[in-house]
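Chemist: Please see the structure below; I have some questions.
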């Protein structure tokens with residue numbers, strides 16, 4: 001008690017920490033997260049990974065064109081127009097010109113999309129060069145660095161991989177926060193597969209831990225999925241498709257829903273080809289699916305009038321061949337042979 005009274009009569013020291021209480025923070029009116037591509041790319045640093053030759057560069061060049069012209073990204077996502085800097089460090093002028101002409105068949109020329117094929121490394125002046133570009137354009141919104149290995153500093157002697165990965169991105173993360181823009185850094189994934197797609201990124205967790213958001217473009221037997229995870233964005237698992245003829249990536253919908261559509265298509269095809277009633281076990285074997293998944297899906301397909309029962313535990317393609325219930329778009333896509 002005496003100690004408490006002694007403290008109360010002492011002059012409170014000036015302090016640097018603890019200036020804001022939780023109550024103060026709760027009363028603040030803070031702006032919503034600012035999206036460059038609504039629902040996907042927000043302001044801050046985004047790490048964008050995927051295996052080589054999967055189409056990452058096509059994906060990001062298409063997004064760059066959309067932002068620089070105020071068009072639609074990924075087929076349906078309307079974006080606000082602004083200035084974009086694309087550091088295409090693994091490309092050449094001829095390849096980029098061909099891709100731009102393919103993505104812009106009408107001959108439009110995006111004057112607010114700026115492209116460089118070379119640049120300094122992060123420890124040799126790149127941050128100053130990026131800051132100068134940001135200050136030189138009226139509405140800087142997006143910078144893409146393709147790829148990380150072309151700009152990251154040299155690893156120091158006795159520097160651990162985690163510390164090296166953090167140092168490779170922290171200056172870009174600070175720059176994005178300073179100006180409220182989006183910076184996307186492209187990175188490769190390892191050849192080895194992992195249950196969590198984010199575990200496939202080359203390097204340590206220092207990369208994803210430093211970035212504000214991490215995206216991984218991954219392909220499997222069912223198609224291509226864009227996975228996204230970040231501090232300020234909702235977790236994303238979206239099915240996407242690439243059209244070789246146009247060079248465009250398009251959002252198909254939630255990956256789980258689209259995969260389910262593909263499974264329904266597989267069951268319908270097996271029943272149609274068979275021309276007779278089948279049980280769940282035979283259906284699963286013919287469609288290459290798990291028995292339990294087929295049994296659950298068959299009940300839903302009967303309820304949706306996509307298939308018909310033909311006695312206990314038997315299912316048949318609808319007798320009215322002109323009606324197959326809801327139509328479903330296939331999830332498979334051809335992918336892309338280029339970055």
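Chemist: Spot the failing condition for residue 187; the list is (1) in a strand (DSSP E or B); (2) surrounded by fewer than 18 Cβ atoms within 10 Å (Cβ to Cβ), and only one is missed.
Modeler: The single condition residue 187 does not satisfy is (2).
Chemist: Still on this structure, please answer the following. Looking at the range 194-212, can you tell me whether even one residue there is in the same structural domain as residue 42 (by TED's automatic domain parsing), in contact with a strand residue (DSSP E or B) (Cβ under 6 Å, 6 or more places away or on another chain), within 23 Å of residue 67 (Cβ to Cβ) and outside any loop (DSSP other than H, G, I, E, B)?
Modeler: For the range 194-212, residues in the same structural domain as residue 42 (by TED's automatic domain parsing), in contact with a strand residue (DSSP E or B) (Cβ under 6 Å, 6 or more places away or on another chain), within 23 Å of residue 67 (Cβ to Cβ) and outside any loop (DSSP other than H, G, I, E, B): absent.
Chemist: Is it the case that some residue within the range 261-279 is under 30 Å from residue 37 (Cα atoms) and either at pLDDT below 85 or assigned to a loop (DSSP other than H, G, I, E, B) (or both)?
Modeler: Scanning the range 261-279 turns up at least one residue that is under 30 Å from residue 37 (Cα atoms) and either at pLDDT below 85 or assigned to a loop (DSSP other than H, G, I, E, B) (or both).
Chemist: Of all residues in the range 57-80, which are surrounded by 15 or more Cβ atoms within 10 Å (Cβ to Cβ) and in a loop (DSSP other than H, G, I, E, B)?
Modeler: 71, 74, 75, 79
Chemist: Any residue at all in the range 152-167 that's crowded, with 21+ Cβ neighbours inside 10 Å, touching a strand residue (DSSP E or B) at 6+ places or on another chain (Cβ under 8 Å) and touching a residue at least 40 places away in the same chain (Cβ under 8 Å)?
Modeler: No, that holds for no residue.
Chemist: Within the range 119-133, is there a residue that is surrounded by fewer than 19 Cβ atoms within 10 Å (Cβ to Cβ), in contact with a helix residue (DSSP H, G or I) (Cβ under 7 Å, 6 or more places away or on another chain) and in contact (Cβ under 8 Å) with a residue 40 or more places away in the chain?
Modeler: Quick first cut of the range 119-133, residues surrounded by fewer than 19 Cβ atoms within 10 Å (Cβ to Cβ) only: 119-121, 123-125, 127-129, 131-133.
When the remaining residues are screened for being in contact with a helix residue (DSSP H, G or I) (Cβ under 7 Å, 6 or more places away or on another chain), the result is 119-120, 127, 131.
Next, from what is left, pick out any that are in contact (Cβ under 8 Å) with a residue 40 or more places away in the chain: 127, 131.
Looking for residues that are surrounded by fewer than 19 Cβ atoms within 10 Å (Cβ to Cβ), in contact with a helix residue (DSSP H, G or I) (Cβ under 7 Å, 6 or more places away or on another chain) and in contact (Cβ under 8 Å) with a residue 40 or more places away in the chain, one finds at least one in the range 119-133, hence yes.
Chemist: Please go through (1) assigned to a loop (DSSP other than H, G, I, E, B); (2) surrounded by fewer than 22 Cβ atoms within 10 Å (Cβ to Cβ) for residue 54 and return the number of the only condition it doesn't satisfy.
Modeler: (2)
Chemist: Next question, about the same structure. Just a yes or no: is a residue in the range 8-22 part of a helix (DSSP H, G or I), at pLDDT 95 or above, farther than 23 Å from residue 172 by Cβ and outside the structural domain of residue 203 (by TED's automatic domain parsing)? Steps first, please.
Modeler: Filtering the range 8-22 down to residues part of a helix (DSSP H, G or I) leaves 8-9, 22.
In the following step, the residues that additionally are at pLDDT 95 or above were identified as 22.
Add one more test, that the residue is farther than 23 Å from residue 172 by Cβ, and what stays is 22.
Restricting the remaining residues to those that are outside the structural domain of residue 203 (by TED's automatic domain parsing) gives 22.
So far as the range 8-22 goes, yes, one or more of its residues are part of a helix (DSSP H, G or I), at pLDDT 95 or above, farther than 23 Å from residue 172 by Cβ and outside the structural domain of residue 203 (by TED's automatic domain parsing).
Chemist: If residue 110 passes every condition in (1) under 25 Å from residue 203 (Cα atoms); (2) touching a helix residue (DSSP H, G or I) at 6+ places or on another chain (Cβ under 7 Å); (3) part of a loop (DSSP other than H, G, I, E, B) but one, which one does it miss?
Modeler: Here residue 110 meets the rest and fails (1).
Chemist: Let me ask another. Out of 79, 67, 33, I need the residue that is touching a helix residue (DSSP H, G or I) at 6+ places or on another chain (Cβ under 8 Å) and either in contact (Cβ under 8 Å) with a residue 12 or more places away in the chain or within 17 Å of residue 248 (Cβ to Cβ) (or both). Which one? It would help to see each step written out before you state the result.
Modeler: Working: 67 fails: touching a helix residue (DSSP H, G or I) at 6+ places or on another chain (Cβ under 8 Å); 33 fails: touching a helix residue (DSSP H, G or I) at 6+ places or on another chain (Cβ under 8 Å).
When all the criteria are applied, what remains is 79.
The values are calculated or read from the model by the stated rules, or taken from the named source; none is laboratory data. A quick note: this is a predicted structure, and the numbers were derived from the prediction, not measured. Backbone-built Cβ (ideal geometry, glycine too); neighbour counts: all protein chains shown.
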